[in-house]
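Participant: First the structure, then my questions, so here it is.
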Amino acid sequence: ATRFEGVELMNYAPLIHASDAQDVAVTGRGTIDGRGAAWWSWSGGKRYGWRDGLPSQRAARDRLFAMAEAGVPVARRRFGAGGYIRPNLMQFQRCRNVLIEGVSLRDSPCWNVHPVLSRDITMRSVTVTGLGPNNDGCDPESVDGMVIERCTFDTGDDCIAIKSGRNADGRRLAVPSRDILIRGCTMKAGHGGVVIGSEVSGGVAHVYAEECTMSSPDLWYALRFKTNAVRGGRIAHIRARDITVGQVGRAALTCDFNYEEGANGRFVPELDDVVVERLSVADTGRVLDCQGLPQAPVGRLTLRDCRFDKVRAPSIVERITQLRLERVRVNGRPATRL
């Protein structure tokens, strides 16, 4: 069994994987090449080589998600040949004491580093590159205790995205991600630099990001939270400090409960107790894009000692319980509201 986008299934094994193991390491100075171009067209995206008549994962992906919602046992969610659901490059399931250090990862078929239901993981001095579909750099999912430090990400999707299972499958397992430290990393292209979501049905708590550098015209957001009323889940106790951003395309920070299905679900997403200190952004589309739901506003968000320059559009702030600005400057002027 493996996972695809937060759902368990029987499918192609990740290119490098371990399950129920202890003291696992992938180290060295070499490059692990996932030959992503051989897989990427399966995403169904024309920009990745798909065209009418070629195989695509779309039908199998829809079928997998429907099976999970219906509670079909994992052993009966059989895909692989003919399904075209791409595997991840590196996955550790139910492992303890994992080290990934020094290596370069390139062109993964899908996500790059994917720890699942594991604990005590270190990812250090790893370079991740690949601008393909769903080429997330590192996606800790239902992980207890992880350090990601001095890594470089240049990706086709989120650089780091913390998760805990999708919808019914995430609620069935009900294992949060917690106690994750991201330190001294560099983010280039990507949908988000440090991201939580969207598959967070099991919850996320106690995430710390510090001393990171981000910049690219192809980086959408620096800090990104995304969920909705189908995912549900509680995200809480998030701290980010000393983050230096050059250029970011859409917004420095987004809290998006309207992601994908948005309000069209019966589960209440939560985001609360987020504190961002000393975030410096040289060039951004917006400072903040914050969109809660009528039945689920975003909770408490504090920006302290932050600076945003070359801001091109006003912030979007819809449905938030408490937004505090302490010594925040926008385009050189003190900001008391966004």
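The values are calculated or read from the model by the stated rules, or taken from the named source; none is laboratory data. It should be emphasised that the depicted structure is a prediction, and the values quoted were computed from it without experimental measurement. We place every Cβ from the backbone using ideal geometry, glycine too, and count neighbours over all the protein chains shown.
Participant: Can you name the residue in region 303-315 that is surrounded by 16 or more Cβ atoms within 10 Å (Cβ to Cβ) and free of Cβ contacts under 8 Å to residues at least 60 places away in the same chain and, of all such residues, is nearest to ARG278 (Cα to Cα)?
Facilitator: CYS306
Participant: Further question on the same structure: Just to be sure I understand the filter: pairs with C-beta atoms under 6 Å, separated by 6 or more residues or on different chains, first member in region 85-114 and buried (at least 21 other Cβ atoms within 10 Å of the Cβ), second member among the basic types (Lys, Arg) and at pLDDT 95 or above. Which pairs pass?
Facilitator: Listed pairs, sorted by first residue: PRO109/ARG86; CYS110/ARG86.
Participant: Of the conditions (1) surrounded by fewer than 16 Cβ atoms within 10 Å (Cβ to Cβ); (2) in contact with a Ser or Thr (Cβ under 7 Å, 6 or more places away or on another chain); (3) farther than 22 Å from VAL128 by Cβ; (4) of a type in the set (Gly, Ala, Ser), ALA70 satisfies every one except a single condition; which number is it?
Facilitator: (2)
Participant: Another question, then. So which residues in region 211-255 are farther than 14 Å from SER198 by Cβ and not in a strand (DSSP E or B)?
Facilitator: Selection gives GLU211, CYS212, SER215, SER216, PRO217, ASP218, GLY249, ARG250.
Participant: Would you mind telling me which numbered condition in (1) surrounded by fewer than 24 Cβ atoms within 10 Å (Cβ to Cβ); (2) assigned to a strand (DSSP E or B); (3) more than 13 Å from the chain's Cα centre (by Cα) HIS191 fails?
Facilitator: So HIS191 meets the others, but not (3).
Participant: Go through region 118-155 and count every residue that is within 16 Å of the chain's Cα centre (by Cα), in a loop (DSSP other than H, G, I, E, B) and more than 16 Å from GLY184 (Cβ to Cβ).
Facilitator: Here the count works out to 10.
Participant: Continuing with the same structure: Is it fair to say ASN264 is in a loop (DSSP other than H, G, I, E, B), of a type outside the set (Lys, Arg) and farther than 11 Å from LYS226 by Cα?
Facilitator: yes
Participant: Sticking with this one: Kindly indicate whether THR321 is in contact with a strand residue (DSSP E or B) (Cβ under 9 Å, 6 or more places away or on another chain), closer than 20 Å to VAL281 by Cβ, outside any loop (DSSP other than H, G, I, E, B) and among the hydroxyl-bearing types (Ser, Thr, Tyr).
Facilitator: No: the conditions fail for THR321.
Participant: Can you confirm whether ALA236 is under 20 Å from the mean Cα position of the chain (by Cα), within 28 Å of ALA168 (Cβ to Cβ) and aliphatic (A, V, I, L, M)?
Facilitator: yes
Participant: Only one of (1) part of a strand (DSSP E or B); (2) crowded, with 24+ Cβ neighbours inside 10 Å; (3) not aliphatic (A, V, I, L, M) fails for TYR208. Which number is that?
Facilitator: (2)
Participant: Restricting the search to region 177-188, which residues are over 14 Å from VAL143 (Cα atoms) and crowded, with 24+ Cβ neighbours inside 10 Å?
Facilitator: Taking region 177-188 as the starting set, the residues that turn out to be over 14 Å from VAL143 (Cα atoms) are 183-188.
Residues satisfying the conditions are CYS185, MET187.
Participant: Also, I was wondering about something else. Taking the conditions exactly as written (touching a strand residue (DSSP E or B) at 6+ places or on another chain (Cβ under 6 Å), without any contact (Cβ under 8 Å) to a residue 60 or more places away in the chain and closer than 18 Å to MET187 by Cβ), does ASP242 satisfy them or not?
Facilitator: yes
Participant: Restrict the check to region 32-50 and report whether at least one residue is assigned to a loop (DSSP other than H, G, I, E, B), more than 23 Å from the chain's Cα centre (by Cα) and in contact (Cβ under 8 Å) with a residue 24 or more places away in the chain.
Facilitator: Narrowing region 32-50 to residues assigned to a loop (DSSP other than H, G, I, E, B): 34-35, 39, 44-45, 49-50.
Among the residues that remain, those that are also more than 23 Å from the chain's Cα centre (by Cα) are: 49-50.
Filter again for in contact (Cβ under 8 Å) with a residue 24 or more places away in the chain, leaving none.
Within region 32-50 (the criterion being assigned to a loop (DSSP other than H, G, I, E, B), more than 23 Å from the chain's Cα centre (by Cα) and in contact (Cβ under 8 Å) with a residue 24 or more places away in the chain), the answer is no, since none of the residues qualifies.
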